[in-house]
Amino acid sequence: MDTLRYYLGYLPARTQPTKVEIDEIYPLHFNDDTKTLRELTLSWTARIDDVLDADHLHRSLARLLEMGDWRKLGGRLRLRASLPDGMLEIHVPNEFTPERPAVRYTREVFDVSINEHPLARRLPKSTRTASIQPGPFNFRPFSAREDAPSTLQDLLFSDEPQMSLHITSFTDATLVAILWPHTMTGALGLKDLVVAWCKVLAGLESEVPCLAGASRDVLEGFDTDNDDTQEPLLLEPKGLKGFKLLGFGLRFMWDIFWNPKVESCMLCLPCTFIEKLRQRASADLKTAGYGSDLPFLSDGDILTAWMALFIVCAQGGHRPATILSAVGVRDRLRAQWVPGATYVQNLALRSVTLISAVDLVQASLGKLAHTIRQDLVRQGTDLHLRAMIRRLRAGGRPGETPVYGDPGALLVVSTNWAKAKFFDNTDFEPAVIKSGV
C-alpha cells in the first residue's frame, strides 16, 4: 500500500542512501521478494518472568550476525532499480560498527513490577476457560522503539538494519522483542534464528549451525521446462484473472472501506477447549459415516475450520470462503537441503480450500476440518509443491500472489506458529541476573 500511496503523491519522495561500494551484497530469493511480503512487518515478543541482562542478549545476537552467512540477516534492504519493478537485495556492511550495527538495539527500564505497569499488566495471560484478551496492536510500545521502521519504505530509504531488538526491563520480568520485515523470513526461520542466538548466549558458538541458502536459493531450478516431474497445478482452473480478479480486488477494498477500524484481540484457547472442539469434530465425522476409523485431523485443521465458520457466520453466512493455510516445504519438498544446516528465509507456500456459501451453511466443524486436511495433503506433495513454485516463478519479480476461487469470497488466512515451539526453543537462562517471583 505504501508503494501505491507513493505514486499517488500521498508520500513524500524519498531516495535510497548512497551505495557503500565495499558492502557485501546478498540476493533476496523469489519467495521472499513478493508483493504481499513487501507489505508485512512482523514482531515477536517473549515475556520472561526473570530479570535478564539486556546487554548480554544484545551482544549475543550481534555476535551471531557476525558469523559466516548469518551476516546476511544484519544487512540493509535495497532496490536494484527504481520502484516498482526493481528486485530487492541485501547490502551487508563490510564490518558492523556502532554507526552501522547488525541489529538496532534499544532498551526501556521501568522500576516497577510488570504487574504494576499500567500497560504491561494487561499482557495476555493463560486462562482455564476460553477468553478474549487485548491483542498485539495494543502492546506496540513493547514490540519496538517508537521510531522503528514499520514499512518497506522505512527500510529502503534509511541505513536501518533489517532487525530491531527492543528490550523492556521490569523489577521482576523482561520483555524481549524482535521486529523484522517478512521479506527476511517467517515463523520457522525466526525459530531457527532464536535457537542459534541462544547457543551463542550460552557460549556454545561451536554448536551454531551454518546458515545455508544465503546466496543460492534452495528452491532454484523447480521452474525448468525439462523437469520430468512436472504435475499440473490443481487450482489453476479456479484462478481469478481479468474482470474476476478486478472484482475480487474491488470487493476486498470495499470490505476495508466499510470496516476501517479493526479491533486487535487475542483468544486464549486452553487445552480443554481445544479437546472439546476435537470431540465435536470427531462426532461430526462419525455422524457422516466414518465410524471408528476416523481420519487424522491436526489441532491446526480444527482451529482453522472453527475460525472460518466463526468468521463466515459473523458476516451473515451468505458468502463463499477462500481459506488459505501456510504450508512449510522443508519436510515436504525433495530438494538439496544441506544436512544439519539452518535456512532463514520464507520456506512456506500455501494450501487453498474453496467452499461455497451453501456448503458453508451446511458444513459441520468436522467436515470442514477434514476438507482443509484433504486439501493440504493433495496440495502438499512434492510434485504439487513444484508446480506451485513454477507458477509463482512465472509471475516474475516482485512476485504476484495468485488468487483462486469466487470473486465475492471471504478471505480467511491461517498460519500455524505452533510448529516453531517457541516455548521449548527459547532459552535465555544464561542471561538471568535475578529470578522473578
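Just so it is clear, none of the values below were taken in a lab; they were calculated from the coordinates. If you're wondering where the values come from, they're calculated on a predicted model, not measured in any experiment. Using ideal geometry, Cβ is built from the backbone for each residue, glycine included, and neighbour counts are taken over all protein chains shown.
Summary of computed values
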| item | result |
| --- | --- |
| Sites excluded, GluC sites (Glu not before Pro) in DSSP loops with at most 11 other C-beta within 10 Å, longest stretch of the chain | 264-437 |
| For Trp44, Trp417, order by how many other beta-carbon atoms lie within 10 Å, fewest first | Trp417, Trp44 |
| Spread of Cα-to-Cα distances over 5 Å intervals beginning at zero, given as percent, for region 236-420 | 1, 7, 13, 17, 19, 17, 13, 8, 4, 1, 0 |
| Net charge, Asp301 excluded, C-beta distance under 12 Å - Lys, Arg +1, Asp, Glu -1 | +1 |
| Cα-based Lys pair tally, region 236-420, threshold under 22 Å, eight or more apart or on separate chains | 5 |
| Cα centroid separation - region 25-57 against region 122-147, whole Å | 18 Å |
| Extended-chain gain in nm, criterion 0.36 nm per residue less alpha-carbon gap, Phe423 and Glu263 | 54.9 nm |
| Residue-count net charge about Asn346 - beta-carbon cut-off 11 Å; Lys, Arg +1, Asp, Glu -1 | -3 |
| Neighbour-count order for His384, His91, His370, fewest beta carbons within 10 angstrom listed first | His91, His384, His370 |
| Label-zone membership for region 272-300, site Met307, 7 angstrom Cα→C-beta point, backbone N under 11 Å | 300 |
| Computed helical MRE - 222 nm, the chain, DSSP H runs ≥ 4 contributing -39500 (n - 2.57), nearest 500 | -9000 deg cm²/dmol |
| Residue of Phe170, Phe257, Phe248 that the Gaussian network model of the chain assigns the largest fluctuation, springs spanning Cα pairs under 10 Å | Phe257 |
| Residue with peak Gaussian network fluctuation, the chain [Cα springs, cutoff 10 Å], from Val358, Val262, Val218 | Val262 |
| Quarter of Cα convex hull surface for the chain, i.e. mean projection, nm² | 23.7 nm² |
| Cα centroid separation, region 380-396 to region 325-356 (Å) | 11 Å |
